[in-house]
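The values are calculated or read from the model by the stated rules, or taken from the named source; none is laboratory data. The structure displayed is predicted, hence computed values, not measured ones. In this analysis, Cβ positions are derived from the backbone assuming ideal geometry, glycine residues included, and neighbour counts consider all displayed protein chains. The accessibility values were calculated without ligands, DNA or RNA, using every heavy atom of the protein model including side chains. Shrake-Rupley method; radii C 1.70, N 1.55, O 1.52, S 1.80 Å.
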Amino acid sequence: MATLQDIGVAAGIHLLTALIFLFAFAILRLQPINDRVYFPKWYLKGLRESPRDVSTSVGKFINIDWRIYIKFLNWIPEALKMPESELIEHAGLDSVVYLRIYIVGLKVFVPLMVLAFTILVPVNATSSISDAEKDDVGFSDIDKFSISNVSEGSNRFWAHVLMSCVFTIWTCFVLYKEYEMVESMRICFLEAQHRRPDQFTVLVRNVPADPDESISEHIEHFFRVNHRDHYLTHQSSLRGGSFGSLGVHFWKVVFNANKLSKLVKKKEAYQNWLDYNQNKYVINPKKRPNMKKGFLGLWGEQVDSIDYYKAKIDALVKEIAVEHERILKDPKAIMPVGFVSFKTRWGAAACAQTQQSKNPTIWLTEWAPEPRDSLATIESIKKNAPFLKNLIELKVVKSFIQGFLPGLAMKLFLLILPSILMTMSKIEGHTSFSEIERKTASKYYYFILIIFFFGSILVGSALQDFDARKELKDLGDSPTIVLKKLGVLVPMRATFFITYIMVDGWSGIAGEILRLIPLIMFHLKNSLLVKTDEDREKAMDPGSVAFAEALPRMQLYFLLGLAYSVATPTILPFIVLYFGFGYFIFRHQVINVYEQKYESAAAFWPDVHYRIIISLLISQLLLLGLLTAKNAKDSAPILIILPFLTIWFHKYCQNRFEPAFSRYPLEEAMAKDTLERATEPGLDLKQYLANAYVHPMFKDDDELDECEKELLSWRENDYKVLTKRTNTPIDTTASTSTTFLIER
């Protein structure tokens, strides 16, 4: 069991590490050569230029103005200057609400920490248990501040019950006010949004097969008949699994474009080399660049570089056209998916939020993700190393191992887990990056909850503090004794979580602002691979808030703080420091670094609220079990009511606020449509939506312009539907039921 000294050693190590990281960042960010690493967001927005001093050779790489270093910490107040409204415009609502979760953590745990250290810590510290009990469970000096130090059946447990009730009420109050605030922010954000393709577009899945019509024709016919006053047009999609998106969205159907994607990427690479060599020729027109055709240009025939890459590109253009035509004619690649666009937001909202067929398993509709969010379906040491025993028994080494290594090992494991869970979520078939990240976050959270949290408490404590044979005997002969022992051991496991908080919440977050790996990779790419300005922009790699990993990690801290706030209040300062430090660091990153891949308007907030509620329920049940094990017969029963009240509170919030995160009010849709018609009477919505869901791979391909025009051509007749079933136009002004009878 870790002691106060162990925790002190670990705290010293991690505080020192965090300070070193912060100091290194403060210096590195001032160097012109690193400017694109620490301020990529401003470069991508076109609002920042390189601060290199071209007048001196050294000034191109290092800032030689000594006065700058006097203010090397000015980034600290700068990170807090931007107001929230401006930050929403700058970084989006997702990023701002993510930062607000840190504020919620501070709002919850700062008052809890003050109350706990004012009331519970003195209650625990002035109590005591027998020496036999201390020896039996491996009691250490840090545990005298926890509920483990209160003897069984003591009236002091009334203080813990009272504080649990107070903590529950306060947490629910903060959650309610924040849910209300986020809902309001989301509504205002959606109201203020400029026109976007996804406001008019619905994703349609499970399109039923028809023997007389293709998928594309079937989609068009169905929506012209059933949404005749609002249907505008539709697009379906090509799927390119190799570039990991729902793919290349065209007017036709869903195809497998893996080979095509590879060809286009290869062409882009050749085009990049061509641009590089042409730039060289412009700089020095007296000498045309040349190269050897062999491996890496080390041997082979000497050729003109510009002519060589032009020939390669021309050949690829022809190959791309052939492959493009082949996949369009491949019937095996067709998938029953389409993007249907409407003349108004009201029409899209009505379609996305209603059942389209009497068979609820077909013609499934949902809001289309915004184009940049589109994504498709895809494809112990002593026992094991006895020779280290003498070394481990050294006081300093033992403190290092007990206070540092456990948290580090868990941190490393949790780093690789999200990638595995992300792959699982992709296989499930979700339709957007945001949805995949939310599903991954859910899996990650429950893994943390069950394996990390409960595994560490219910298994780790027992294995650590019981002799294996004795434990088995107790389990077989007297389960009540085991329950009592575990009741005492549960709060003692807090020392493990404290070490993890220091690894992840202190050193880990400080390492985030340093961006050591992106820094190294940028300079490697800049030295070896960058040939054009476009290459340099790609090399910046601003990254983004990885919600699939970041949200569950934050919710783990809510779980730890709530679960141990009454039992072991000494964990609370570490929790508070995490939320404060995290808010400050990530605010800086959101302003200067991160470039989000998509904007969901804080669609993840209901999940955040729900998981904090789960943490609150777990904290109540753990305390109830703990007090039962400690024979608090008079006070413990009062805790039974708390879970029921908490569940009622969650249901109330769910009914009151959650519809705003899953439904779009028709009233709001109509208001925006009316305003748009009044301010932009000449808007060509078809033209606006034409390329919305076409993959950038094709948008930038000049050689495919004619093919795109053919594929994206719109049906001009808004009133007649020509079907292969009757080979005659059907008047869509007739009622839906009449039309149905004619067709069938």
Task: Sites A269 and L577 - FRET efficiency at Förster radius 45 Å, r taken between beta-carbons, to 0.05 - done: 0.45
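Measure up K265/K286; K280/K531; K343/K426 against 21 Å on the Cα-Cα distance and list the ones that go over. List each step's numbers first, then the result.
Details: K265/K286 32 Å; K280/K531 10 Å; K343/K426 32 Å.
From K265/K286; K280/K531; K343/K426, over 21 Å: K265/K286; K343/K426.
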Open item on the list: I want to check the label-to-label distance for W66 and K287. Put each point 7 Å from Cα in the C-beta direction and report it in nm to one decimal.
Closed with: 4.2
Open item on the list: Modelling each spin label as a point 7 Å along the Cα-to-Cβ direction, I'd like the M181/L645 distance in nm, to one decimal.
Closed with: 2.4
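Can you give me the convex hull volume of the Cα atoms of region 508-648, divided per residue and expressed in Å³?
Details: hull volume 17.8 nm³, N = 141.
For region 508-648, the hull spanned by Cα atoms encloses 126 Å³ per residue.
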Task: Average accessible surface area per residue within region 512-592, 1.4 Å rolling probe, Å² - done: 32
Open item on the list: Can you give the FRET efficiency to the nearest 0.05 for Q654 and K259, using r as the Cβ-Cβ distance and R₀ = 56 Å?
Closed with: 0.75
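If each residue of separation counts as 0.36 nm, what is the full-extension length gain between I520 and T674 once their alpha-carbon separation is subtracted?
On the way: separation 154, 0.36 × 154 = 55.44 nm, distance 5.22 nm.
50.2 nm is the gain from fully extending I520 to T674.
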- [ ] Obtain the nm distance between the two label points defined at K531 and E86 by a simple spin-label model: each point lies 7 Å from its Cα along the Cα-to-C-beta direction.
- [x] 4.2
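Sort 418-424, 74-80, 259-265 for me by packing, meaning the mean count of neighbouring Cβ atoms within 10 Å per residue, highest on top. Present the calculation step by step, with values, prior to reporting the outcome.
Details: 418-424: 15.4, 74-80: 12.9, 259-265: 18.9.
Highest to lowest by the protection proxy: 259-265, 418-424, 74-80.
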- [ ] Determine the share of region 528-597's accessible area contributed by carbon and sulfur atoms, expressed in whole percent, with a 1.4 angstrom probe.
- [x] 54
